[in-house]
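The values are calculated or read from the model by the stated rules, or taken from the named source; none is laboratory data. The model shown is predicted, which means the values in this text are computed figures rather than measured ones. Here Cβ is always computed from backbone atoms with ideal geometry, including for glycine, and neighbour counts include all displayed protein chains.
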Amino acid sequence: MAGILLRIARLVEWPDTPSKPEFLIGIAGSDPDEATLCLLSHPESSLPAPVEVRRVASVAEMRRFRIVFLGRSLGSNMKVILHDLRGSGVLTVSSRPGFGEMGGMIELNNRPEDRPLILNADAARRDGFRFHVSLLSVARLARSGILAQ
């Protein structure tokens, strides 16, 4: 999954934010498949900085990261976290069904009959992100429901 996040990162135009010495990917939640992401940390030459993957627990900590993967185990806290991360310049990703409609930017879709990604371009644009056309071509678009007020 870290490989997927790195491929996605290359197809995103990032907002104008102060440069960070490393490209941090945060993992929030305790789902077993997410734990493996914490073991995957390696340099990625096509990104603006070395990649580092870390576990995160608080929204304040998440704000320091470029990408935060929100695990399904966060349950109903996910809506609050998404609301609190608005305007932070953090790309939010999850495999939780309905994440895009919830206001998350990228949902990794596990349904084989559907497209592999669900993108909420409105949520991404609000934080200064833009998706490359090749990313849009393999995705279904979602609109925010609850958090797009």
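Points worth noting:
- Contact map, region 80-92: residues that are at positive phi paired with residues that are β-branched (Val, Ile, Thr), Cβ distance under 9 Å, separation 6+ or inter-chain. Pairs shown: Gly89/Thr17.
- Residue match in region 101-124 (condition: free of Cβ contacts under 8 Å to residues at least 24 places away in the same chain, surrounded by fewer than 20 Cβ atoms within 10 Å (Cβ to Cβ), of a type in the set (Gly, Ala, Ser) and within 20 Å of Arg7 (Cα to Cα)): yes
- Any hit, region 21-30, residues being surrounded by 14 or more Cβ atoms within 10 Å (Cβ to Cβ), under 20 Å from Arg125 (Cβ atoms) and either modelled with pLDDT under 90 or in contact with a strand residue (DSSP E or B) (Cβ under 7 Å, 6 or more places away or on another chain) (or both): no
- Listed by position, the helices (runs of 4 or more DSSP H) inside region 66-142 whose residues that are in contact with a Pro (Cβ under 9 Å, 6 or more places away or on another chain) number at least 3 form an empty set.
- Criterion: in contact with a strand residue (DSSP E or B) (Cβ under 8 Å, 6 or more places away or on another chain) and over 17 Å from Ala9 (Cα atoms) - qualifying residue of Arg111, Arg72, Arg130: Arg72
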